[in-house]
Amino acid sequence: MRIFDPHIHMTSRTTDDYEAMYEAGVRAVVEPAFWLGQPRTSPASFVDYFDSLLGWEPFRAAQYGIAHHCTIALNPKEANDPRCTPVLDVLPRYLVKDNVVAVGEIGYDSMTPAEDTALAAQLQLAADHELPALVHTPHRDKLAGLRRTLDIVAESELSVERVLIDHLNETTVKEAKDAGCWLGFSVYPDTKMDEDRMVAILRAHGPEKVLVNSAADWGKSDPLKTRKVGDAMLHAGFSDDDVDRVLWRNPVAFYGLSGRLALDVTDTDATHEGNSILRGGA
């Protein structure tokens, strides 16, 4: 089983996770820029973070045979903080980088006017840079958040066929699908989707344009949830081809819209800017 996790925050994970993911079949990941858990206080902290997504993290992933790409954006939560919003002016210099395969995560957290402004601005950046967009739907009032998202997308210059709506569930999947978006599902140990609910959605709506991710981060999460969904699909009677479509071909197709997706792991140097993931002497 080959697996592409299209949304995972490896900055928050250890090399043990990379090793376990490779053993489970993960060969590629996309790491969206997101909130770190503690508020940033200036755009400069975003710059350092973006640099790590383009340098240190691909290096770490390559040590375990995993291709790493990222998406770059001002996330919805911090779009409400005026200390952070100037980073919108910095984004264009990162959106031209080869390893950036989408603008994201963008979207809604609390559905504020500030989030409206940031979402519209970043959809325009995606259109300007010919990139797809990864859109976060809010954890509360999901259906209202989805509908507000679709309204903003419809007003933008970015085609809906280049938009991945993430954190979907049973209440939002039909409207997102009917709109023509790509469909993202985050599978967590205790919240959002689980394996059985994901299988039920696939039975009801089919595997077309569906992407399953672990969204593993610094909270309670599991970077092997993609594999567990694949196993659950097989147990439920889905074919190997269905599993490959959901866990590999669909994320390849979506992020391939960037024209930048490279799945061969070539950077296996022992160090990155003189730093190694190893600890201790020989």
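Brief remarks on what is shown
- In the set (1) more than 22 Å from Thr11 (Cα to Cα); (2) surrounded by fewer than 19 Cβ atoms within 10 Å (Cβ to Cβ), the condition left unmet by Val243 is number (2).
- Here the condition is being surrounded by 12 or more Cβ atoms within 10 Å (Cβ to Cβ), aliphatic (A, V, I, L, M), under 20 Å from Val100 (Cα atoms) and touching a helix residue (DSSP H, G or I) at 6+ places or on another chain (Cβ under 7 Å); of Leu211, Leu263, it holds for Leu211 alone.
- Unmet criterion (only one of (1) free of Cβ contacts under 8 Å to residues at least 12 places away in the same chain; (2) within 19 Å of Pro207 (Cβ to Cβ)) for Leu168: (1)
- Any hit, region 123-134, residues being free of Cβ contacts under 8 Å to residues at least 60 places away in the same chain, among the acidic types (Asp, Glu) and assigned to a helix (DSSP H, G or I): yes
- As a summary of the residue check, Ser42 satisfies the conditions (1) surrounded by fewer than 22 Cβ atoms within 10 Å (Cβ to Cβ); (2) modelled with pLDDT under 95; (3) under 18 Å from the mean Cα position of the chain (by Cα); (4) of a type outside the set (Phe, Trp, Tyr) except for the one numbered (3).
- All positions within region 180-211 that are farther than 26 Å from Ala154 by Cβ, at pLDDT 95 or above and within 15 Å of the chain's Cα centre (by Cα): Val187
- When Ala33, Ala73 are checked against the criterion of being of a type in the set (Gly, Ala, Ser), under 30 Å from Asp242 (Cα atoms) and touching a strand residue (DSSP E or B) at 6+ places or on another chain (Cβ under 9 Å), a single residue qualifies: Ala33.
- If you go through region 70-114 and keep only what is of a type in the set (Lys, Arg) and in contact (Cβ under 8 Å) with a residue 40 or more places away in the chain, you end up with Lys77, Arg83, Lys97.
- Flag: Arg148 matches the condition of being in contact with a Phe, Trp or Tyr (Cβ under 8 Å, 6 or more places away or on another chain), among the charged types (D, E, K, R), outside any strand (DSSP E or B) and at negative phi.
- Residue satisfying condition, being within 16 Å of Asn75 (Cβ to Cβ) and modelled with pLDDT of 95 or more, within set Ala33, Ala24, Ala28, Ala20: Ala33
- Considering region 136-152, and only residues there that are touching a residue at least 40 places away in the same chain (Cβ under 8 Å) and within 15 Å of Trp182 (Cα to Cα), the residue that is surrounded by the fewest Cβ atoms within 10 Å (Cβ to Cβ) turns out to be Thr149.
- Applying a threshold of 6 Å to beta carbon distances and a minimum spacing of six or more residues, or different chains, the list of pairs starting in region 30-57 at a residue that is closer than 28 Å to Leu211 by Cα and ending at one that is among the aromatic types (Phe, Trp, Tyr) and at pLDDT below 95 reads Gly37/Trp218.
- Condition broken by Ala102, with the remaining ones in (1) over 25 Å from Glu57 (Cβ atoms); (2) buried (at least 16 other Cβ atoms within 10 Å of the Cβ); (3) not polar (S, T, N, Q) satisfied: (1)
- Among the candidates Leu168, Leu123, Leu119, residue that is of a type in the set (A, V, I, L, M, F, W, C), touching a Pro at 6+ places or on another chain (Cβ under 9 Å) and surrounded by 22 or more Cβ atoms within 10 Å (Cβ to Cβ): Leu119
- Residues of region 84-108 satisfying the condition of being part of a helix (DSSP H, G or I) and not polar (S, T, N, Q): Pro86, Val87, Leu88, Asp89, Leu91, Pro92, Arg93, Tyr94, Leu95
- Test: residue in region 16-23 that is of a type in the set (D, E, K, R) and buried (at least 17 other Cβ atoms within 10 Å of the Cβ): yes
The values are calculated or read from the model by the stated rules, or taken from the named source; none is laboratory data. Since the structure is predicted, the reported quantities are computational estimates derived from the model, not experimental observations. Neighbour counts are summed over all protein chains in view; Cβ atoms, including those assigned to glycine, are modelled from backbone coordinates with ideal geometry.
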